[in-house]
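Peer 1: Okay, handing you the structure first.
The values are calculated or read from the model by the stated rules, or taken from the named source; none is laboratory data. None of the values given here were measured: they were computed from a predicted structure. When we count neighbours, we look across all protein chains shown, and the Cβ atoms used for this are built from the backbone with ideal geometry, even at glycine.
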Amino acid sequence: MPDNSRIAVGVWSELGEGARWANEGVSRVIGFVIEGAATSGRYLFHVVVQPGLAETVRQDLRTLHAVEGRDWLVSEPDVAICATYMSNPEIATLPERERRLAAAALYCNDYVPVAGWFVSFPFFTSAAYLSKPKATLMPDSLGHDFPTGWSAQDWAEDGSNERWRSNSTKVTAASDRVITFSRHVAKRHAVPLLGTPMEKISVVPLAPPDLKGLLPFLKGRRRTEESHAAACTLLRRYMASEGQHYLEDFPFEDVPIAFAATQDRISKNLGRAAEAVRRLVMERRENFKLFLTASFLFGADWTLLPELITKHQFHRDTVTITDVPREIHAALFHCATVTVHPTFFEGIIGALPFYESLSVGTPCLLARGPHVNELLEAEPELAPFVFDPYDVESLADLMLEARNNREAMVEVQLPIYERLALYGWDQVAEAYAQHSITSAGQAA
């Protein structure tokens, strides 16, 4: 049973059966927020997803340091009851799928007792039918900064990108607050693209994630011989359980590994990270491997990664491990020699892999972009570890420096993480909750 002594904050999602949840950016943020709120004991986050996804979300959230029924709940709108709302005049003229989602929102108005709503994406149009106060998250609008890879139809008047902009404009206009992770997204996307007034936007930076608790053998944040061996053993056991024969007896302890934890999207620039490793291995004759959490999208022409792998037969030096559990994700960071985040743009200040990596004692190299520039304003000591995202040779040099002077790099970067971590997820959760339950015109 839910803890009725807490303030219930709804989390609205239009994701349904078959949708990705675990390890996706916003899903991970929701998990971090729930963990942060658990430390204060003030809020219960009630995550509402569409039919068919609830159990997937529950399984993921059960890995958090938070208690089901006390800190969080997951539910789906009742399909039979939602059917009774389909003829509601307010939504009767909508296309069928939109009407079904709007009916789910009307159902929640009557059957989900929350003080307000946190809308996890701005294009979830049925959020406009939620009657309680609501804050909508605006992570970014990458398609408008990185148009390569979209078809002409996507940019047509009725194409997907224009629908995204139109739908997001309607949802943010109907919201009491719009939340961004950074100033650069507020100024670059929310105001000019969606017409959101700056005074309606709350910039709530993400707190640095801390993966240390996922690795019980890690006593501090520094990698030791014992912690390294334990993490490598954990990885081999997982690989064996998944039938990954190449990795089930892989000598993680002995191989310098660059780790990139992101999907292969147009903005992520993974191809150049792979090219840096290729040059180290094939031209400089250095020992290195690149481990990724991205899938190889063979045949895609907007990413450099698949062609590089096939052209140079580089598939044994660029290894991908996708959709891993949280503790395996943490172990990959801990086992790596260095984390590389080559992306051109992130919607947050800094990058999640930067924080995650340092939280378990592994240094990180960051490509310069507006997200890193905003971080450098507060932490200029990071500048030596920032590279031009187009400069493959400089990245290769930094990888070698990390291999040869790993502990010295950690010595500089770890205090930066510890300073940033003074701003915690409890503070982020408090801000999200307050913005979600505060009506327009009231003080947040």
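Peer 1: Among A127, A135, A174, which is the only one that is within 18 Å of C108 (Cα to Cα) and in contact with a His (Cβ under 8 Å, 6 or more places away or on another chain)?
Peer 2: Answer to the check: A135.
Peer 1: State all residues of region 137-179 that are under 21 Å from the mean Cα position of the chain (by Cα), charged (D, E, K, R) and part of a loop (DSSP other than H, G, I, E, B); if no residue qualifies, say none.
Peer 2: D140 - this is the single residue of region 137-179 that is under 21 Å from the mean Cα position of the chain (by Cα), charged (D, E, K, R) and part of a loop (DSSP other than H, G, I, E, B).
Peer 1: OK, next. State all residues of region 390-406 that are assigned to a helix (DSSP H, G or I) and either in contact (Cβ under 8 Å) with a residue 60 or more places away in the chain or in contact with a strand residue (DSSP E or B) (Cβ under 8 Å, 6 or more places away or on another chain) (or both); if no residue qualifies, say none.
Peer 2: V392, E393, S394, L395, A396, L398, M399, L400, A402, R403, R406
Peer 1: Can you work out which of the residues in region 33-44 that are touching a residue at least 40 places away in the same chain (Cβ under 8 Å) and crowded, with 20+ Cβ neighbours inside 10 Å is nearest to W425 (Cα to Cα)?
Peer 2: G36
Peer 1: Output the residue which, of all residues in region 180-193 that are surrounded by 24 or more Cβ atoms within 10 Å (Cβ to Cβ) and of a type in the set (A, V, I, L, M), is farthest from G369 (Cα to Cα).
Peer 2: By that ranking, first place goes to A190.
Peer 1: Could you run through region 18-49 and say how many residues are farther than 23 Å from E356 by Cβ, within 20 Å of the chain's Cα centre (by Cα) and either of a type in the set (D, E) or assigned to a strand (DSSP E or B) (or both)?
Peer 2: Of the residues in that region, 2 qualify.
Peer 1: So, one more: Which of (1) over 30 Å from E225 (Cα atoms); (2) in a helix (DSSP H, G or I); (3) under 13 Å from the mean Cα position of the chain (by Cα) is the odd one out, the single condition F354 does not satisfy?
Peer 2: Checking F354 against (1) over 30 Å from E225 (Cα atoms); (2) in a helix (DSSP H, G or I); (3) under 13 Å from the mean Cα position of the chain (by Cα), the one that fails is (1).
Peer 1: Could I ask something else about it? Being of a type in the set (D, E) and in contact with a strand residue (DSSP E or B) (Cβ under 9 Å, 6 or more places away or on another chain) is the requirement here; does E24 meet it?
Peer 2: Criteria not met by E24.
Peer 1: Would you mind listing the strands (runs of 3 or more DSSP E) fully within region 230-337 where at least 1 residues are of a type in the set (G, A, S), without any contact (Cβ under 8 Å) to a residue 60 or more places away in the chain and assigned by TED's automatic domain parsing to the domain that holds S151? Reasoning before the result, please.
Peer 2: Working: elements: 257-260, 289-292, 318-320.
Passing ranges: none, list empty.
Peer 1: Another one. Could you grab me the full set of residues in region 93-136 that are among the aromatic types (F, W, Y), within 25 Å of S5 (Cβ to Cβ) and under 24 Å from the mean Cα position of the chain (by Cα)?
Peer 2: Scanning region 93-136 gives W117, F118.
Peer 1: Determine, yes or no, whether E430 is exposed (fewer than 13 other Cβ atoms within 10 Å of the Cβ), of a type in the set (D, E) and within 26 Å of A207 (Cα to Cα).
Peer 2: So E430 does not fit the description; no.
Peer 1: In addition: For region 60-92, name all the residues that are without any contact (Cβ under 8 Å) to a residue 24 or more places away in the chain and not in a loop (DSSP other than H, G, I, E, B).
Peer 2: Correct list: E68, A80, A83.
Peer 1: Which one of the conditions (1) of a type in the set (A, V, I, L, M, F, W, C); (2) more than 23 Å from V191 (Cβ to Cβ); (3) at pLDDT 95 or above does L137 fail to meet, given that it meets all the rest?
Peer 2: (2)
Peer 1: If you don't mind, there's one more thing I want to ask. In region 416-431, which residue that is assigned to a loop (DSSP other than H, G, I, E, B) and out of contact with any helix residue (DSSP H, G or I) (no Cβ under 9 Å at 6 or more places or on another chain) is farthest from E35 (Cα to Cα)?
Peer 2: Ranking the qualifying residues of region 416-431, first place goes to L422.
Peer 1: Counting only residues that are closer than 20 Å to E374 by Cβ and without any contact (Cβ under 8 Å) to a residue 40 or more places away in the chain, how many does region 202-229 have?
Peer 2: 1
Peer 1: Can I ask one more? Restricting attention to region 72-110, which residues are in contact with a strand residue (DSSP E or B) (Cβ under 9 Å, 6 or more places away or on another chain) and among the β-branched types (V, I, T)?
Peer 2: Within region 72-110, V74 is the sole residue that qualifies.
Peer 1: Read through the list (1) of a type in the set (A, V, I, L, M); (2) in contact (Cβ under 8 Å) with a residue 60 or more places away in the chain; (3) in the same structural domain as V255 (by TED's automatic domain parsing), then give the number of the only condition that A433 fails.
Peer 2: Every condition holds for A433 apart from (3).
Peer 1: Here is a list: Y355, Y390. Which entry is assigned by TED's automatic domain parsing to the domain that holds K268, hydroxyl-bearing (S, T, Y) and surrounded by fewer than 20 Cβ atoms within 10 Å (Cβ to Cβ)? Spell out the reasoning first.
Peer 2: Values: Y355 fails: surrounded by fewer than 20 Cβ atoms within 10 Å (Cβ to Cβ).
The unique qualifying residue is Y390.
Peer 1: Just checking, does region 261-282 include any residue being of a type outside the set (V, I, T) and surrounded by fewer than 14 Cβ atoms within 10 Å (Cβ to Cβ)?
Peer 2: Yes, some residue in region 261-282 is of a type outside the set (V, I, T) and surrounded by fewer than 14 Cβ atoms within 10 Å (Cβ to Cβ).
Peer 1: Okay, moving on. Among the residues of region 206-226, how many are surrounded by fewer than 20 Cβ atoms within 10 Å (Cβ to Cβ) and in a helix (DSSP H, G or I)?
Peer 2: Residues that pass the stated criteria total 4.
Peer 1: Any residue at all in region 146-168 that's assigned by TED's automatic domain parsing to the domain that holds K132 and touching a strand residue (DSSP E or B) at 6+ places or on another chain (Cβ under 8 Å)?
Peer 2: no
Peer 1: Taking the criterion of being outside any loop (DSSP other than H, G, I, E, B), more than 21 Å from P208 (Cα to Cα) and at pLDDT 95 or above, would at least one residue in region 375-386 satisfy it?
Peer 2: There is no residue in region 375-386 that is outside any loop (DSSP other than H, G, I, E, B), more than 21 Å from P208 (Cα to Cα) and at pLDDT 95 or above.
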